[in-house]
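K.L.:
A single structure is presented below for examination.
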Amino acid sequence: MTKVNVSLPPEAEANVEAFIDEVDDRLSSSEDTCRVVTETLVDLHGDREAYDRWQAGEDVSAAERVRLQGYDPCNATLESEYYAEKDEERFPRSKYLQWLWRQFDATPMADNVAFALRFRAMLATHLFDSCGDNCRFFKGITFTYGHNISVGDNVVIHDDLHLDDRGRLTIGDRASISDNVHLYSHDHDVVDQTDVENFHTTVGDDARVTYDAMVRAGCRIGENAVVGARSVVQGDVPDHHIAAGIPAKSVKVKPGWEDVADPIDDKLTNRQAERRIDYDLPDDLDAFDEFERDRTPPAE
(Lines give C-alpha, C1' and ligand atoms only; values in the text may rest on other atoms or scores of the structure.)
Protein backbone atom coordinates (compact mmCIF):
# COMPACT_ATOMS: atom_id res chain seq x y z
CA MET A 1 0.00 0.00 0.00
CA THR A 2 1.49 3.32 -1.09
CA LYS A 3 -1.02 5.76 0.40
CA VAL A 4 -1.93 7.03 3.84
CA ASN A 5 -5.17 8.45 5.20
CA VAL A 6 -5.42 12.25 5.18
CA SER A 7 -8.08 14.28 6.97
CA LEU A 8 -9.02 17.92 7.41
CA PRO A 9 -9.00 19.69 10.80
CA PRO A 10 -12.31 19.11 12.61
CA GLU A 11 -13.80 22.57 11.99
CA ALA A 12 -12.87 22.54 8.29
CA GLU A 13 -14.26 19.01 7.96
CA ALA A 14 -17.57 20.05 9.52
CA ASN A 15 -17.89 23.02 7.17
CA VAL A 16 -17.07 20.92 4.10
CA GLU A 17 -19.57 18.24 5.07
CA ALA A 18 -22.30 20.80 5.71
CA PHE A 19 -21.74 22.54 2.39
CA ILE A 20 -21.72 19.33 0.32
CA ASP A 21 -24.86 18.09 2.09
CA GLU A 22 -26.61 21.41 1.44
CA VAL A 23 -25.88 21.37 -2.30
CA ASP A 24 -26.78 17.67 -2.50
CA ASP A 25 -30.11 18.29 -0.78
CA ARG A 26 -30.94 21.23 -3.05
CA LEU A 27 -30.10 19.25 -6.21
CA SER A 28 -32.23 16.36 -4.94
CA SER A 29 -35.22 18.63 -4.36
CA SER A 30 -37.69 20.18 -6.80
CA GLU A 31 -35.81 23.50 -6.65
CA ASP A 32 -34.84 24.99 -10.01
CA THR A 33 -31.42 23.58 -10.94
CA CYS A 34 -30.26 26.82 -12.58
CA ARG A 35 -30.92 28.68 -9.35
CA VAL A 36 -29.04 26.11 -7.26
CA VAL A 37 -26.05 26.21 -9.61
CA THR A 38 -26.05 30.00 -9.82
CA GLU A 39 -26.18 30.61 -6.06
CA THR A 40 -23.60 27.91 -5.36
CA LEU A 41 -21.14 29.42 -7.84
CA VAL A 42 -21.75 32.97 -6.65
CA ASP A 43 -20.80 31.97 -3.12
CA LEU A 44 -17.88 29.73 -4.13
CA HIS A 45 -16.40 32.59 -6.18
CA GLY A 46 -16.95 35.10 -3.35
CA ASP A 47 -19.20 37.32 -5.44
CA ARG A 48 -22.31 37.47 -3.26
CA GLU A 49 -22.15 41.22 -2.53
CA ALA A 50 -21.86 42.23 -6.19
CA TYR A 51 -24.50 39.66 -7.21
CA ASP A 52 -27.01 40.97 -4.66
CA ARG A 53 -26.40 44.55 -5.82
CA TRP A 54 -27.06 43.49 -9.42
CA GLN A 55 -30.22 41.58 -8.47
CA ALA A 56 -31.45 44.63 -6.56
CA GLY A 57 -31.19 46.72 -9.73
CA GLU A 58 -28.24 48.78 -8.62
CA ASP A 59 -25.64 50.00 -11.07
CA VAL A 60 -22.93 47.56 -12.06
CA SER A 61 -20.48 47.84 -14.93
CA ALA A 62 -20.92 45.97 -18.21
CA ALA A 63 -18.04 43.68 -17.30
CA GLU A 64 -19.63 42.91 -13.92
CA ARG A 65 -22.96 42.10 -15.59
CA VAL A 66 -21.29 39.64 -17.94
CA ARG A 67 -19.41 38.04 -15.05
CA LEU A 68 -22.42 37.83 -12.77
CA GLN A 69 -24.81 36.47 -15.39
CA GLY A 70 -22.18 33.87 -16.24
CA TYR A 71 -22.77 32.07 -12.96
CA ASP A 72 -26.21 31.09 -14.28
CA PRO A 73 -25.91 28.06 -16.61
CA CYS A 74 -29.05 29.21 -18.40
CA ASN A 75 -26.87 32.02 -19.77
CA ALA A 76 -24.15 29.64 -21.00
CA THR A 77 -23.68 27.41 -24.03
CA LEU A 78 -21.62 24.23 -24.33
CA GLU A 79 -20.24 22.63 -27.49
CA SER A 80 -22.48 19.59 -27.03
CA GLU A 81 -25.52 21.85 -27.16
CA TYR A 82 -25.07 21.98 -30.95
CA TYR A 83 -25.22 18.18 -31.41
CA ALA A 84 -28.40 17.34 -33.26
CA GLU A 85 -28.91 13.88 -31.77
CA LYS A 86 -28.72 14.89 -28.12
CA ASP A 87 -31.52 13.90 -25.74
CA GLU A 88 -33.48 17.14 -25.58
CA GLU A 89 -35.24 16.16 -22.35
CA ARG A 90 -32.14 15.12 -20.40
CA PHE A 91 -29.67 17.61 -21.78
CA PRO A 92 -30.72 20.82 -19.96
CA ARG A 93 -30.18 19.47 -16.45
CA SER A 94 -26.95 17.75 -17.51
CA LYS A 95 -25.75 21.04 -18.98
CA TYR A 96 -26.48 22.90 -15.74
CA LEU A 97 -24.64 20.31 -13.65
CA GLN A 98 -21.71 20.28 -16.07
CA TRP A 99 -21.50 24.05 -15.67
CA LEU A 100 -21.33 23.68 -11.90
CA TRP A 101 -18.62 20.98 -12.22
CA ARG A 102 -16.51 23.05 -14.63
CA GLN A 103 -16.83 26.35 -12.76
CA PHE A 104 -16.12 24.66 -9.44
CA ASP A 105 -12.85 23.50 -11.02
CA ALA A 106 -12.04 27.17 -11.66
CA THR A 107 -12.06 27.97 -7.94
CA PRO A 108 -9.10 27.62 -5.52
CA MET A 109 -11.12 25.01 -3.61
CA ALA A 110 -10.80 22.64 -6.56
CA ASP A 111 -7.21 21.93 -5.50
CA ASN A 112 -8.21 21.00 -1.94
CA VAL A 113 -8.33 17.27 -2.61
CA ALA A 114 -10.00 16.32 0.67
CA PHE A 115 -12.88 18.63 -0.21
CA ALA A 116 -12.96 18.56 -4.02
CA LEU A 117 -13.07 14.79 -4.47
CA ARG A 118 -16.15 14.53 -2.29
CA PHE A 119 -17.85 17.47 -3.96
CA ARG A 120 -17.35 16.01 -7.44
CA ALA A 121 -18.44 12.55 -6.28
CA MET A 122 -21.66 14.11 -5.00
CA LEU A 123 -22.19 15.94 -8.31
CA ALA A 124 -21.55 12.72 -10.23
CA THR A 125 -24.53 11.05 -8.55
CA HIS A 126 -26.72 13.76 -10.07
CA LEU A 127 -24.96 14.17 -13.44
CA PHE A 128 -24.14 10.59 -14.48
CA ASP A 129 -26.60 7.89 -15.42
CA SER A 130 -25.22 6.01 -12.43
CA CYS A 131 -22.25 6.40 -10.10
CA GLY A 132 -21.08 3.93 -7.47
CA ASP A 133 -19.59 4.44 -4.04
CA ASN A 134 -16.15 5.72 -3.07
CA CYS A 135 -15.29 7.19 -6.47
CA ARG A 136 -12.56 9.80 -6.87
CA PHE A 137 -12.72 12.41 -9.60
CA PHE A 138 -9.78 14.77 -9.94
CA LYS A 139 -9.51 18.20 -11.56
CA GLY A 140 -10.11 19.04 -15.21
CA ILE A 141 -12.42 16.18 -16.26
CA THR A 142 -14.74 17.08 -19.14
CA PHE A 143 -17.77 15.28 -20.56
CA THR A 144 -19.94 15.51 -23.64
CA TYR A 145 -23.24 15.23 -21.76
CA GLY A 146 -22.61 13.30 -18.55
CA HIS A 147 -25.96 11.50 -18.49
CA ASN A 148 -24.70 8.67 -20.74
CA ILE A 149 -21.91 7.71 -18.31
CA SER A 150 -22.14 4.79 -15.86
CA VAL A 151 -19.41 4.40 -13.26
CA GLY A 152 -18.96 1.53 -10.81
CA ASP A 153 -17.63 1.48 -7.24
CA ASN A 154 -14.15 2.63 -6.18
CA VAL A 155 -13.32 4.14 -9.58
CA VAL A 156 -10.44 6.63 -9.87
CA ILE A 157 -10.47 9.19 -12.70
CA HIS A 158 -7.46 11.49 -12.76
CA ASP A 159 -6.71 14.99 -14.07
CA ASP A 160 -7.33 16.71 -17.41
CA LEU A 161 -9.08 14.01 -19.39
CA HIS A 162 -12.16 13.72 -21.56
CA LEU A 163 -15.00 11.25 -21.16
CA ASP A 164 -16.97 11.35 -24.40
CA ASP A 165 -20.48 10.08 -23.83
CA ARG A 166 -22.02 11.22 -27.08
CA GLY A 167 -22.81 7.51 -27.38
CA ARG A 168 -22.53 5.58 -24.13
CA LEU A 169 -19.60 5.06 -21.74
CA THR A 170 -19.43 2.41 -19.01
CA ILE A 171 -16.56 2.23 -16.50
CA GLY A 172 -16.46 -0.81 -14.22
CA ASP A 173 -15.65 -1.27 -10.54
CA ARG A 174 -12.15 -0.33 -9.37
CA ALA A 175 -11.13 0.91 -12.83
CA SER A 176 -8.46 3.59 -13.07
CA ILE A 177 -8.31 6.26 -15.80
CA SER A 178 -5.07 8.27 -15.82
CA ASP A 179 -4.23 11.86 -16.70
CA ASN A 180 -4.89 13.15 -20.23
CA VAL A 181 -6.75 10.04 -21.38
CA HIS A 182 -9.49 10.35 -24.01
CA LEU A 183 -12.29 7.77 -24.00
CA TYR A 184 -14.51 8.17 -27.08
CA SER A 185 -17.97 6.88 -27.91
CA HIS A 186 -18.56 8.57 -31.27
CA ASP A 187 -16.88 8.55 -34.67
CA HIS A 188 -17.11 10.78 -37.75
CA ASP A 189 -17.44 9.48 -41.28
CA VAL A 190 -14.14 9.95 -43.14
CA VAL A 191 -15.89 11.50 -46.18
CA ASP A 192 -18.76 13.41 -44.57
CA GLN A 193 -17.53 14.82 -41.26
CA THR A 194 -21.09 15.79 -40.32
CA ASP A 195 -22.15 12.12 -40.37
CA VAL A 196 -21.70 10.93 -36.76
CA GLU A 197 -22.08 7.38 -35.45
CA ASN A 198 -22.42 6.67 -31.73
CA PHE A 199 -21.24 3.54 -29.91
CA HIS A 200 -21.02 1.93 -26.48
CA THR A 201 -17.49 2.03 -25.08
CA THR A 202 -16.58 -0.03 -22.01
CA VAL A 203 -13.74 -0.11 -19.49
CA GLY A 204 -14.02 -3.32 -17.48
CA ASP A 205 -13.68 -4.00 -13.77
CA ASP A 206 -10.13 -3.52 -12.41
CA ALA A 207 -8.88 -2.19 -15.76
CA ARG A 208 -6.32 0.61 -16.09
CA VAL A 209 -6.06 3.10 -18.92
CA THR A 210 -2.77 4.90 -18.34
CA TYR A 211 -1.75 8.44 -19.17
CA ASP A 212 -2.18 10.06 -22.59
CA ALA A 213 -3.91 6.99 -24.03
CA MET A 214 -6.82 7.20 -26.47
CA VAL A 215 -9.60 4.61 -26.72
CA ARG A 216 -11.64 4.64 -29.91
CA ALA A 217 -15.44 4.57 -29.85
CA GLY A 218 -17.01 1.14 -29.46
CA CYS A 219 -13.96 -0.57 -27.96
CA ARG A 220 -13.92 -2.70 -24.83
CA ILE A 221 -11.04 -2.61 -22.36
CA GLY A 222 -11.30 -6.02 -20.70
CA GLU A 223 -11.42 -6.82 -17.02
CA ASN A 224 -8.08 -6.47 -15.25
CA ALA A 225 -6.51 -5.25 -18.50
CA VAL A 226 -3.98 -2.43 -18.92
CA VAL A 227 -3.61 0.11 -21.71
CA GLY A 228 -0.06 1.43 -21.91
CA ALA A 229 0.82 5.11 -21.82
CA ARG A 230 0.21 7.07 -25.06
CA SER A 231 -1.37 4.07 -26.74
CA VAL A 232 -4.15 4.32 -29.32
CA VAL A 233 -6.69 1.54 -28.86
CA GLN A 234 -8.72 0.66 -31.96
CA GLY A 235 -10.01 -2.77 -30.94
CA ASP A 236 -10.93 -4.81 -27.87
CA VAL A 237 -8.26 -5.45 -25.24
CA PRO A 238 -8.88 -8.97 -23.85
CA ASP A 239 -9.29 -9.58 -20.12
CA HIS A 240 -5.95 -9.61 -18.22
CA HIS A 241 -3.94 -8.43 -21.24
CA ILE A 242 -1.55 -5.49 -21.47
CA ALA A 243 -1.93 -3.53 -24.71
CA ALA A 244 0.45 -0.83 -25.90
CA GLY A 245 1.50 1.05 -29.02
CA ILE A 246 0.04 2.96 -31.95
CA PRO A 247 -2.11 1.18 -32.88
CA ALA A 248 -2.21 -0.75 -29.62
CA LYS A 249 -1.47 -4.47 -29.67
CA SER A 250 -1.49 -7.05 -26.92
CA VAL A 251 2.11 -7.32 -25.74
CA LYS A 252 1.69 -9.76 -22.85
CA VAL A 253 -0.67 -11.23 -20.27
CA LYS A 254 -0.44 -9.81 -16.76
CA PRO A 255 1.85 -12.04 -14.67
CA GLY A 256 -0.14 -14.56 -12.66
CA TRP A 257 -3.15 -14.51 -14.99
CA GLU A 258 -1.77 -16.68 -17.78
CA ASP A 259 -4.00 -19.66 -16.95
CA VAL A 260 -7.27 -17.73 -17.23
CA ALA A 261 -6.44 -15.29 -20.04
CA ASP A 262 -7.10 -15.99 -23.69
CA PRO A 263 -3.96 -16.57 -25.76
CA ILE A 264 -2.28 -13.45 -27.08
CA ASP A 265 -3.48 -12.35 -30.50
CA ASP A 266 -1.14 -9.79 -32.02
CA LYS A 267 -3.93 -7.60 -33.41
CA LEU A 268 -6.86 -6.35 -31.35
CA THR A 269 -10.27 -7.31 -32.75
CA ASN A 270 -12.52 -4.40 -33.68
CA ARG A 271 -16.13 -5.11 -32.67
CA GLN A 272 -17.33 -1.55 -33.05
CA ALA A 273 -20.18 -2.48 -35.39
CA GLU A 274 -21.75 -4.66 -32.68
CA ARG A 275 -21.95 -1.69 -30.32
CA ARG A 276 -23.44 0.93 -32.57
CA ILE A 277 -26.18 3.03 -31.00
CA ASP A 278 -28.78 4.14 -33.53
CA TYR A 279 -30.58 7.43 -33.14
CA ASP A 280 -33.28 9.38 -34.89
CA LEU A 281 -33.08 13.04 -35.84
CA PRO A 282 -36.11 15.36 -35.79
CA ASP A 283 -37.95 15.61 -39.11
CA ASP A 284 -37.81 19.41 -38.94
CA LEU A 285 -34.09 19.56 -38.14
CA ASP A 286 -32.41 22.62 -39.62
CA ALA A 287 -29.06 20.96 -40.27
CA PHE A 288 -26.03 22.85 -41.47
CA ASP A 289 -22.33 22.41 -42.17
CA GLU A 290 -20.53 25.46 -40.84
CA PHE A 291 -17.60 24.84 -43.20
CA GLU A 292 -19.79 24.54 -46.33
CA ARG A 293 -17.62 21.76 -47.70
CA ASP A 294 -17.98 20.20 -51.10
CA ARG A 295 -17.81 16.45 -50.43
CA THR A 296 -18.29 15.36 -54.05
CA PRO A 297 -15.34 13.21 -55.19
CA PRO A 298 -13.45 14.67 -58.15
CA ALA A 299 -14.29 13.30 -61.59
CA GLU A 300 -11.79 10.93 -63.13
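K.L.:
Within region 1-53, take every residue that is among the small types (Gly, Ala, Ser) and assigned to a helix (DSSP H, G or I) and give me the one that is most open to solvent (accessible area, probe 1.4 Å).
P.N.:
28
K.L.:
How many of the residues in region 211-223 are more than 11 Å from residue 178 (Cβ to Cβ) and open to solvent by less than 20 Å² (accessible area, probe 1.4 Å)?
P.N.:
The qualifying residues number 6.
K.L.:
Among the listed residues 88, 81, identify the single one that is open to solvent by 70 Å² or more (accessible area, probe 1.4 Å), of a type outside the set (A, V, I, L, M) and within 15 Å of residue 167 (Cα to Cα). Walk me through how you get there before you give the answer.
P.N.:
Details: 81 fails: open to solvent by 70 Å² or more (accessible area, probe 1.4 Å).
After applying the criteria, what remains is 88.
K.L.:
Here is a check on your reading of the model: is residue 67 open to solvent by 70 Å² or more (accessible area, probe 1.4 Å), within 27 Å of the chain's Cα centre (by Cα) and not polar (S, T, N, Q)?
P.N.:
Yes: the conditions hold for residue 67.
K.L.:
Kindly evaluate residue 60 against the criterion of being loosely packed, with under 12 Cβ neighbours inside 10 Å and either part of a loop (DSSP other than H, G, I, E, B) or free of Cβ contacts under 8 Å to residues at least 24 places away in the same chain (or both). Steps first, answer last, please.
P.N.:
Values: loosely packed, with under 12 Cβ neighbours inside 10 Å: no; either part of a loop (DSSP other than H, G, I, E, B) or free of Cβ contacts under 8 Å to residues at least 24 places away in the same chain (or both): yes.
In short, no.
K.L.:
Another question, if that's okay. Out of all the residues in region 106-134, which are open to solvent by less than 10 Å² (accessible area, probe 1.4 Å) and closer than 28 Å to residue 10 by Cβ?
P.N.:
Once the filter is applied, which keeps residues that are open to solvent by less than 10 Å² (accessible area, probe 1.4 Å) and closer than 28 Å to residue 10 by Cβ, region 106-134 yields 107, 110, 116, 119, 120, 123, 124.
K.L.:
Would you please list the contacts, defined by Cβ atoms under 7 Å and residues six or more apart or on different chains, that run from a residue in region 132-158 that is among the aromatic types (Phe, Trp, Tyr) to a residue that is part of a loop (DSSP other than H, G, I, E, B) and surrounded by 24 or more Cβ atoms within 10 Å (Cβ to Cβ)?
P.N.:
143/165; 145/165
K.L.:
For region 160-202, which residues satisfy the criterion of being open to solvent by 30 Å² or more (accessible area, probe 1.4 Å), assigned to a loop (DSSP other than H, G, I, E, B) and closer than 18 Å to residue 146 by Cβ?
P.N.:
160, 184
The values are calculated or read from the model by the stated rules, or taken from the named source; none is laboratory data. Since we're looking at a predicted model, the values are computed, not measured. Cβ: placed from backbone, ideal geometry, glycine included. Neighbour counts: every protein chain shown. These area figures cover heavy atoms from the full protein model, side chains too; ligands, DNA and RNA do not enter into them. Shrake-Rupley method; radii C 1.70, N 1.55, O 1.52, S 1.80 Å.
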